[in-house]
Every structure is written in C-alpha cells, then in structure tokens.
Amino acid sequence: MRAQSISNSSVAPTALGTPPGAVEYIYSALLFYNNLGPVVGLPAGEGSGPMLLLLGIYCSLSLGQARKAVFQSLRLPILCAVFEILVQVLVHGVSPFDSHVRYFVNWIVGLVVIHSLFLRPGFLHRFALTLLCLSLTALPFLSSAEISRSNERAQRVTSRGTSGTQTESASGSAFAARI
C-alpha cells in the first residue's frame, strides 16, 4: 500500500508527454556515427550537428506545457555553457563556427535531448548499455603506445608525490599496520 501511494504522489513520466522511442534510437545512432564514423571513413560532424539540433527542438516541443518544469534543473549548466561561448567569441575572438564553440553548442543540445529522454521509462538502463557498447567498439582502436605513455605519466606523478616522504612499499606496509 505504501509503494502505491508513493507512485501516485509522484509525477508519472508518461503524463509529461515524453518523446517517442524513435528519438532515443536516432540519438543512439548519432552517438555511434560521431564516434565511429571517422574510423570507417565517414565524415564526422558534418550532418550530426543539425540533426542533433532538430532532435533537441523536437524533444523540447514534445514536452508541451511541462517544458519549463522539466528544464528548470538545466538552467545553470546551460547558462554556464552560454557564458563560455560568449567569452570565447567576444573576449578571445574565436569564430562562432570554431570546433570549440560547436562542441559547447552540441553539449547544450545534448543536455536537452538526454534530459527529455530520461523521462522515458527504462531509458537509463538502455542508455547505459548503449554507452557500454560504444566504448567496447572503441577498444580495438587503442594502441599500446598510448597506453604505455599514460602508464609512464602515471608513474611519474606517483613517484613525484611519494618522493621525499616514504616509498610506496613502506606506505603500503604502514597502511597494512593500521588495519
């Protein structure tokens, strides 16, 4: 009985006019296209920006009257990104069509799309699986040279942080002694 009263008191996602499932699949396809397109020879970023913008507009319009309530939590992140774009363009003289500015615009639109899609039941689990699949497809393209460089960098940082005090084995044994 308690669980039923909790679910009745909260706003059901379907009452807000969530975007249809096709928007979720198109957004997932755009993610794969942006990340794997250059690997297979497709020009990334050419058509994905306008397509993402259309998805953002559609998601915003599909929410109807609940749009203001749903996007209220996005005001500060979007405002921060807009200020970053304004500083880059007005103060630093970066072109509005520069890749740095485009990344921020895509990030803002992506926030709108994902925030709208989170209203769909089960989206979080499906999106987590999508991102897992996307990252698994990137694994074959990691080179051992990049991994060894990052390991060397981590070892340099570790050795700088522990030099002058105690060695790692001594600190490990000191930690074991406290347990």
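The values are calculated or read from the model by the stated rules, or taken from the named source; none is laboratory data. Quick caveat: nothing in here was measured; it's all calculated off a predicted structure. Using ideal geometry, Cβ is built from the backbone for each residue, glycine included, and neighbour counts are taken over all protein chains shown.
Summary of values
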quantity	calculated
Single match in 95, 73 (criterion: more than 24 Å from residue 59 (Cβ to Cβ) and in the same structural domain as residue 38 (by TED's automatic domain parsing))	95
One residue from 89, 40 being at pLDDT below 90 and among the hydrophobic types (A, V, I, L, M, F, W, C)	40
Residue in the stretch 135-155 that is closer than 24 Å to residue 69 by Cβ, surrounded by 10 or more Cβ atoms within 10 Å (Cβ to Cβ), modelled with pLDDT of 65 or more and among the polar types (S, T, N, Q) present	no
Options 6, 78: the member that is at pLDDT below 85 and among the hydrophobic types (A, V, I, L, M, F, W, C)	6
Among the candidates 122, 49, residue that is closer than 27 Å to residue 17 by Cα, touching a Lys or Arg at 6+ places or on another chain (Cβ under 9 Å), of a type outside the set (A, V, I, L, M, F, W, C) and modelled with pLDDT under 95	49
Hey, residue 90 under 22 Å from the mean Cα position of the chain (by Cα) and assigned by TED's automatic domain parsing to the domain that holds residue 23 or not	no
Residues located in the stretch 115-124, provided they are surrounded by fewer than 16 Cβ atoms within 10 Å (Cβ to Cβ) and within 16 Å of residue 56 (Cβ to Cβ)	118
Selection count, the stretch 82-105, where residues are hydrophobic (A, V, I, L, M, F, W, C), within 18 Å of residue 48 (Cβ to Cβ), assigned to a helix (DSSP H, G or I) and free of Cβ contacts under 8 Å to residues at least 40 places away in the same chain	2
Number of the exception - residue 37 against (1) under 21 Å from residue 138 (Cβ atoms); (2) in contact (Cβ under 8 Å) with a residue 40 or more places away in the chain	(2)
